[in-house]
Structure formats: structure tokens, C-alpha cells
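Let me begin by presenting the structure, written as C-alpha cells, before commenting on it.
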Amino acid sequence: MKRIITSLAVLALAASITHAQQVWINEVLTNPNGSDSTATTGNEHFELRGTPNMSLAGYYLLSIEGGGTTGRGDINQFFDLGSFSIGANGYLFARQNFSLYTATAPGATVIQNTAGQGWGLNGASTVGHNHDGSQVDLENGTTTMMLINIGSGSAPALTLDLDPNDDGWLDPLPSGWSIVDSVGIIEGSATGGATDFSYGAITLRVQGAAAGSSQYGNIVDIPGAPPTTAGAMWVGRRLESTGSSANDWIGAILTGSASDPLNITFSSSNDPGIVGNKLPDMVFGGTNIPEPGTLALLGLGSLALLLRRKTR
């Protein structure tokens, strides 16, 4: 019975995804190695992929708390994307202030905070970032990145609790809202909190980590160990995938230094084809393929998707 209920919950989550999937979360770096941002650097970023030149009016990217035994399900930060559009090449790349990730694919929309450290803060951020405290970086540890469209509903409110009884299940969303895409991230060491929850349609988790689970199932364990108890992890879609399965998403543990972000490397991954490559080898504002483009660098899952694209 429990398995049936879980399956129905996954179907319900999938059914809430509307707008014909015109836009997806393409990749997220919530926790790079070392300091995520300083007064002179900003190493976090995220990407969206969608219909070229599509307006993002009504769209918000939420970070939903997953840690601890209270506060799970809270919206602890969000990006109001309403004043931006997907680029002519079908991608939007968002970066922090003072980011060194400046090389981007032609035609991509590039948005960068230019007001204050990191992503900036409530009302001052030039990329629409808001936080329920004074944090200018994305949540580390266990978090769910959720792209929503509010339709005719109201804008997100900080600390709005989407799981008020802390049972790991999302309650009905506010009127008008729909989930467009989501990914859960569980990083850190195996000694973390076993009560953490992900609310993503898929969850990428450090292999063997006691920290975190998902009532929705669909967890992909990433092999290897994080370099610190705080973790360092990147997640992204394979090529131009559109689903929420292990064939659609890649997770990678990172090694490197905050002072040298252009040399951060993928040290382990569920796609062995990217291991050993540098983070900048992924084209910012473009398809998640290692820049050298050789078949030898691609995992079998990525290769199958690439061949599928070529034969359409």
C-alpha cells in the first residue's frame, strides 16, 4: 500500500507540471568549493532552458528548505524572473556579482547581479533574488530548486511553508501556482541529518549519505565523497533532456578552490564521461556537453541522447 501511495504522489507531482514544459531548470551550482561568494568573487550560477525568446513573466525559481526537523518546506529564498526572457538560443544563464564564468554561448540571455555581494538581497538584487534573512548565496546542504509559474495567483512570500506538517509531502500549492520543473540536492557528509527532505521530482544525493531522503522517491546517488562536510556539488541536465529520471540528470561532486573557480573539476559523477573535466568545460548558456565535444568524453547515457538528437 505504501508503494502505491508513493507512486500516486509522484504522479500527482508530475501532473502539476504544466505550460507544456516550455522551460526547464538546466543546471544549478548551489555550493561550489570554498566560499560561494566574497566581495570580489561569485562562484554560484544557474541556467534555464526553454522556448527561444520566451518571456519569463510569472516565473519564479524557489529554494525550498529541506534541513532539520522544523522549517522543512519553507521558501527561504527565490528569484523573481518576470523581467527576463529566455535567450535566442533557448538558454538563460544567471551568475553572481564578480563571477569569472563570463564565457557564454552565443544567443544566451545572461543575467548577473551587480548590486552587492553574491546574488544581492531583497529589492537591491538586479537578478530578482530575495532571502528571508541576509544570505546572498544559495542554500547549501539539502535544498530543492523549484521553478514555478504563479498564473493568476500571488507572488511567493518568504517563509511560506509548503509542507506545514513537516512530513516531506508538499501540500496543495497556492491558487494559480504550478510546478514547472524541480530538482532536489542532498550533499554533505554521511553524518548529516537523516531527517532532511527533498521535494524534487528527482533528487541527486551524495552516495551513502545518511542525510536526507524524499517521500517522492526517485533518488540518484552520486558516487564518491564530498571534499568537506559542507559538500561541493553541481547538478545539470544531460544534453537537452526534458524528464526527471537518472537518464535526464547528472550530479557531480566537485574538487577545487574558490580562489580558482575556472579550474574546479568534476571529481565523481553518475556520468563517468564528465569525470576529470573542468566545470567551465560545460558551455555556460548552452547544452551540458563537455566543451571538447569528443565522444570519448561522454558517458553512455549522454551518448545515447546525443545520437537520438542527431537522428531526429
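The values are calculated or read from the model by the stated rules, or taken from the named source; none is laboratory data. Computed from a prediction, not measured in an experiment: that's the story for all the values here. Neighbour counts are summed over all protein chains in view; Cβ atoms, including those assigned to glycine, are modelled from backbone coordinates with ideal geometry. For the accessible areas, the whole protein counts, side chains as well, though only heavy atoms, and no ligand, DNA or RNA atoms are used. Shrake-Rupley method; radii C 1.70, N 1.55, O 1.52, S 1.80 Å.
Odds and ends about this structure:
- Number of residues in segment 110-141 that are open to solvent by less than 10 Å² (accessible area, probe 1.4 Å) and in contact (Cβ under 8 Å) with a residue 60 or more places away in the chain equals 4.
- Of everything in segment 160-188 that is in a strand (DSSP E or B) and not small (G, A, S), the residue that is modelled with the lowest pLDDT is I186.
- When the residues of segment 223-250 are filtered to those that are among the β-branched types (V, I, T) and surrounded by fewer than 23 Cβ atoms within 10 Å (Cβ to Cβ), the one that is nearest to L279 (Cα to Cα) is T228.
- Filtered by the rule that a residue be more than 17 Å from the chain's Cα centre (by Cα) and either on the phi < 0 side of the Ramachandran plot or buried (at least 19 other Cβ atoms within 10 Å of the Cβ) (or both), segment 142-154 gives I150, S152, G153, S154.
- Within the set T191, T265, the sole residue that is among the β-branched types (V, I, T), at pLDDT 90 or above and open to solvent by 20 Å² or more (accessible area, probe 1.4 Å) turns out to be T265.
- Candidate set: segment 85-107, residues that are surrounded by fewer than 22 Cβ atoms within 10 Å (Cβ to Cβ) and touching a Phe, Trp or Tyr at 6+ places or on another chain (Cβ under 7 Å); chosen: the one nearest to A39 (Cα to Cα): A103
- Test: residue in segment 54-73 that is at pLDDT 95 or above, touching a Gly at 6+ places or on another chain (Cβ under 6 Å), open to solvent by less than 10 Å² (accessible area, probe 1.4 Å) and not in a loop (DSSP other than H, G, I, E, B): no
- Options T30, T40: the member that is in a loop (DSSP other than H, G, I, E, B) and either among the β-branched types (V, I, T) or buried (at least 24 other Cβ atoms within 10 Å of the Cβ) (or both): T40
- Test: residue in segment 251-262 that is surrounded by fewer than 18 Cβ atoms within 10 Å (Cβ to Cβ), in contact with a Ser or Thr (Cβ under 9 Å, 6 or more places away or on another chain), touching a residue at least 60 places away in the same chain (Cβ under 8 Å) and not in a strand (DSSP E or B): yes
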